[in-house]
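See structure below.
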Amino acid sequence: MITRFFSAALSGVNAIEVEVEVNATGADKPMVIIVGLPDAAVRESSQRVMSAIHASALPLEDGVKTVNLAPADLKKEGPSFDLPIALAMVSASSTRPISGDDCCVVGELGLDGTVRPVKGVLSIALEAKRCGRRRLLVPDANAAEAAVITGIDVFPISDLRQAWAFLTGSIVIPPYQINRAAFFAKHQAYEIDFEEVKGQHQVKRALEVAAAGGHNVLMIGPPGTGKSMLAKRLPTIMPPMSEHDAIETTKIHSVTGLLDAKHGFLATRPFRSPHHTISDGGLLGGGRNPGPGEVSLAHHGVLFLDELPEFRRQTLEVLRGPLEDFQVTISRAAGSLTFPAQFMLIAAMNPCPCGYYGDAKRQCRCSPKEIENYRRKISGPLLDRIDIHVNVPMVEFRELTSTQPLGESSATIRERVVAARKTQAERFHKCGYSTNSAMTSRFVRQHCQLDAESTGYLEHAMAQMNFSARAHDRILKVARTLADLAGSEKIRGNDLLEAIQYRAMDRKLFS
């Protein structure tokens with residue numbers, strides 16, 4: 001007898017439907033043969049499944065069970081096929097076999113029949129809905145994650161016996177319900193706030209501009225000036241994530257196993273801060289079975305690189321592609337996978353190895369050669385792709401101990417950022433862009449026109465500071481964002497001068 005159920009296999013951040021077929025034939029010795037390009041974890045499922053069926057007191061006849069996972073040319077990985085294989089085997093041994101054509105089933109089995117959570121359930125739910133399945137059986141711990149997707153009933157399963165009883169109609173399990181709007185709104189709050197940062201008004205202004213236009217930022221200053229503290233609070237002033245963006249970001253965290261089962265999906269913008277010892281594959285993604293890296297985990301959020309020159313130069317250079325294309329493509333012999341990577345890069349560094357070059361109160365201990373080698377680790381092409389460079393000075397004692405009211409809250413700054421983003425959304429609604437930083441050269445010429453006086457300012461800056469053509473365009477993009485924050489239709493002279501000032505910092509430090 002041949003029985004079948006439907007499941008799904010992960011491919012990158014997406015899922016592909018898999019048909020689980022079981023053919024039971026008579027024989028003296030029980031045996032399970034799994035075909036269909038399974039990996040080691042899938043092949044080992046035969047032992048888990050046999051033990052789980054016996055522990056659950058479900059019928060299982062002796063004989064050879066051939067399990068086919070179709071399509072046969074798609075590599076199957078992980079333990080998520082345990083539950084559908086077990087159900088198909090029990091159905092093949094039952095006097096009243098059941099059909100699983102209307103449902104998708106995923107879950108790892110314990111030896112006692114309990115169902116354990118698996119990765120990538122959000123992607124699997126989207127694929128099941130696309131394929132027209134009406135029911136989705138998932139482990140209890142994954143139910144909230146899967147229920148985010150509308151148009152398909154999600155049923156939480158705790159053990160194999162419960163799943164069999166539900167499919168045979170012996171028990172009733174209500175579909176898992178979630179109020180997406182209320183749940184989403186509840187979990188959009190941040191535990192930190194910009195008003196907790198004392199002083200650094202110029203840096204806060206630069207980060208507000210960056211959040212408004214989606215620009216990358218380099219913060220330069222001695223240790224202890226609050227660079228990390230400021231960077232961690234940047235997501236709190238960015239526009240709230242839409243449900244579409246949240247689901248897209250959650251898919252990436254789900255397939256890597258980083259999703260918090262209590263929340264179901266990410267409602268706040270991700271903040272990723274990898275250590276400077278990270279490899280190219282850890283940053284971009286990769287591996288024998290390619291998975292997303294830190295740049296993809298920061299999708300729709302912030303990638304913070306602290307102590308930028310401490311990263312290997314080769315590792316930093318691989319960022320140039322994602323900063324331009326907003327995606328990462330990893331090619332292997334078996335094919336190519338593309339991961340989204342639309343993030344804001346926030347980098348921080350000291351002006352020299354000891355951190356006190358140019359400090360008025362502490363003496364720098366570094367030789368000119370050491371300073372030169374330290375700064376040379378950051379290439380010109382990468383520096384050109386960072387729109388805003390800002391100095392982060394030491395905070396004065398009177399500011400640290402001041403009893404005056406704290407600065408603006410994140411909510412107040414976010415209101416201005418949201419207004420500027422709304423202006424950009426209206427400007428680019430026909431071309432698919434969402435921020436000024438994503439503009440191509442054609443749109444820069446169209447939306448960043450200057451008057452004669454401002455053109456003269458820019459020409460003088462280009463000649464004096466030897467800016468590249470890429471830096472020219474990025475200055476205009478930042479100026480456009482400054483005008484949007486001010487509610488101005490045209491770029492004013494002050495907007496352009498402030499944008500140039502944000503590019504001048506690297507020339508002072510790196511010349």
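Computed values, structure above
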| quantity | calculated |
| --- | --- |
| Residue in the stretch 281-307 that is modelled with the lowest pLDDT, counting only those that are touching a Lys or Arg at 6+ places or on another chain (Cβ under 8 Å) and either in a loop (DSSP other than H, G, I, E, B) or farther than 28 Å from Ser242 by Cα (or both) | Asn289 |
| Subset of the stretch 308-340 [of a type in the set (Val, Ile, Thr) and in a strand (DSSP E or B)] | Val328, Thr329, Ile330, Thr338 |
| Selection count, the stretch 223-269, where residues are in contact with a Phe, Trp or Tyr (Cβ under 7 Å, 6 or more places away or on another chain), within 13 Å of Val302 (Cβ to Cβ) and either basic (Lys, Arg) or surrounded by fewer than 18 Cβ atoms within 10 Å (Cβ to Cβ) (or both) | 2 |
| Odd one out for Phe467, checked against (1) open to solvent by 10 Å² or more (accessible area, probe 1.4 Å); (2) of a type outside the set (D, E, K, R); (3) in a helix (DSSP H, G or I); (4) under 26 Å from Leu382 (Cβ atoms) | (3) |
| Segments classed as strands (runs of 3 or more DSSP E), wholly inside the stretch 89-183, with at least 1 members that are surrounded by fewer than 19 Cβ atoms within 10 Å (Cβ to Cβ) and either modelled with pLDDT under 90 or among the β-branched types (Val, Ile, Thr) (or both) | 100-105 |
| Residue list for the stretch 246-264, filter: of a type in the set (D, E, K, R) and modelled with pLDDT of 90 or more | Glu248, Lys251 |
| Checklist (1) within 24 Å of Ser254 (Cβ to Cβ); (2) assigned to a loop (DSSP other than H, G, I, E, B) applied to Ala86, failing item | (2) |
| Out of Arg365, Arg288, Arg313, sole residue that is in contact (Cβ under 8 Å) with a residue 12 or more places away in the chain and of a type in the set (Lys, Arg) | Arg313 |
| Residue match in the stretch 66-83 (condition: part of a helix (DSSP H, G or I), under 31 Å from the mean Cα position of the chain (by Cα) and not small (Gly, Ala, Ser)) | yes |
| Residues of the stretch 115-155 that turn out to be touching a Pro at 6+ places or on another chain (Cβ under 7 Å) and not aromatic (Phe, Trp, Tyr), as a count | 12 |
| Residue in the stretch 395-414 that is assigned to a helix (DSSP H, G or I), among the charged types (D, E, K, R) and either within 14 Å of Gly214 (Cβ to Cβ) or at pLDDT 90 or above (or both) present | yes |
| Conditions (1) more than 29 Å from Ala499 (Cβ to Cβ); (2) open to solvent by less than 20 Å² (accessible area, probe 1.4 Å): number failed by Ile371 | (1) |
| Answer from Gly199, Gly213 - the residue that is over 25 Å from the mean Cα position of the chain (by Cα) and under 27 Å from Val418 (Cβ atoms) | Gly199 |
| Residue among Val49, Val67, Val18 that alone is under 27 Å from His253 (Cα atoms) and buried (at least 16 other Cβ atoms within 10 Å of the Cβ) | Val18 |
| The stretch 21-34: number of residues that are open to solvent by 60 Å² or more (accessible area, probe 1.4 Å) and assigned to a strand (DSSP E or B) | 3 |
| Any pair with Cβ under 7 angstrom, 6 or more apart, that starts in the stretch 446-461 at a residue that is within 14 Å of Ser488 (Cα to Cα) and assigned to a helix (DSSP H, G or I) and ends at one that is open to solvent by 50 Å² or more (accessible area, probe 1.4 Å) and of a type in the set (Lys, Arg) | His447/Arg427 |
| Residues within the stretch 483-493 that are in contact (Cβ under 8 Å) with a residue 12 or more places away in the chain, in a helix (DSSP H, G or I) and surrounded by fewer than 24 Cβ atoms within 10 Å (Cβ to Cβ), tallied | 3 |
| When residues of the stretch 341-357 are limited to those that are within 29 Å of Ser437 (Cβ to Cβ) and in a loop (DSSP other than H, G, I, E, B), the one most open to solvent (accessible area, probe 1.4 Å) | Gln342 |
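Conditions (1) touching a helix residue (DSSP H, G or I) at 6+ places or on another chain (Cβ under 6 Å); (2) of a type in the set (Ser, Thr, Tyr); (3) touching a residue at least 24 places away in the same chain (Cβ under 8 Å); (4) within 29 Å of Phe184 (Cα to Cα), marked per residue:
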site	(1), (2), (3), (4)
Lys204	no, no, yes, yes
Gly214	yes, no, yes, yes
Pro222	no, no, yes, no
Ser228	no, yes, yes, yes
Pro235	no, no, yes, yes
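The values are calculated or read from the model by the stated rules, or taken from the named source; none is laboratory data. None of these values were measured; they are calculated from a predicted model. Don't worry about glycine lacking a Cβ; one is built from the backbone with ideal geometry, like all the others, and counts go over all protein chains shown. Surface accessibility is based on the protein's heavy atoms, side chains included, excluding ligands, DNA and RNA. Shrake-Rupley method; radii C 1.70, N 1.55, O 1.52, S 1.80 Å.
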